[in-house]
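Reviewing the structure listed below.
Any read-out appearing in this document is the output of simple, stated calculations on the displayed coordinates, not a laboratory observation. Keep in mind that this is a model prediction, so the values were computed, not measured. Please note: Cβ atoms are built from the backbone with ideal geometry, for glycine as well, and neighbour counts cover all protein chains shown.
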Amino acid sequence: MTGKQRRVLAIVATDRTFEPSRHGTAAVWVGACIHCKSPLTIASDGTPISAATIEHLWPQRHGGDNALANIALACGACNRGKGKRHDTRSKQDPQLLAIVEALRARRRERWREPPAELAAHVAWADGHP
Ligand SMILES: [Zn+2]
């Protein structure tokens, strides 16, 4: 399992939209894109089955880190879509702060204590900033 897979599972663990489900015979987690709420399917080893990417709420290019409160999962369409992408805005753009605040509020609303089977990934992510 790569660091990226563990980080994805740490996000799944702390986002209450993600519920255990099945994809064929495989156990998966299904939750919602942080932007458009479309369903995201993540394998139990952290591999995205539907296109899903790690979204930094405060953008990495402006110094945003991998703290769990700063990352969420976004669908492929939102990651590619110009209208949804906020990381292309300049640090001074007043709309950037408004977008980031709205995303942080959504992340907080969705926050949950990790299910036991995913707690180790959360501990790992907290130790790897
Ligand atoms: Zn989306």
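Structure notes:
- The residue list Ala119, Gly81, Ile99 was ranked by how far each Cα lies along the charge dipole of region 79-129 toward its positive end, using unit charges on Cβ atoms, and Gly81 comes out on top.
- Tilt relative to the chain, helix 3-13 - C-alpha long axis, 0 to 90 degrees, to 10: 90
- Karplus (6.51, -1.76, 1.60) ³J(HN,Hα), θ = phi - 60°, over region 123-128, in Hz, Gly and Pro reported as x: 4, 4, 4, 5, x, 10
- Remark on Asp15: its backbone amide H falls under 5 Å from those of Arg112, a criterion applied only to residues 5 or more positions apart or on other chains, H modelled at 1.01 Å from N.
- By the helix-only formula, in which each DSSP H run with n ≥ 4 contributes -39500 (n - 2.57) and the sum is divided by residues, the chain has a 222 nm mean residue ellipticity of -9500 deg cm²/dmol.
- Residue-by-residue Karplus 3J(HN,Hα) for region 99-114, coefficients 6.51, -1.76, 1.60, Hz, glycine and proline x: 5, 5, 4, 5, 5, 5, 5, 5, 4, 5, 4, 8, 4, 9, 5, x
- Derived scalar couplings ³J(HN,Hα) [region 50-58; Karplus, 6.51 cos²θ - 1.76 cosθ + 1.60; whole Hz; x for Gly, Pro]: 8, 4, 8, 10, 7, 9, 8, 5, 8
- Close amide H partners of His23, meaning residues 5 or more places away or on another chain with modelled amide H under 5 Å apart, are Val28.
- Amide hydrogen neighbours beyond the local backbone of Ala51, cut-off 5 Å, H modeled: Gly76
- From the alpha carbon centroid of region 86-129 to that of region 1-65 is 12 Å.
- Compared with the direct C-alpha span, the chain from Glu109 to Gln60 gains 15.4 nm at full extension, assuming 0.36 nm per residue.
- Over region 26-92, the alpha carbon radius of gyration divided by the compact-protein estimate 2.2 N^0.38 Å works out to 1.16.
- Evaluated at q = 0.11, 0.13, 0.16, 0.22 Å⁻¹: base-10 log I(q)/I(0), Debye formula over Cα of the chain: -0.35, -0.50, -0.75, -1.37
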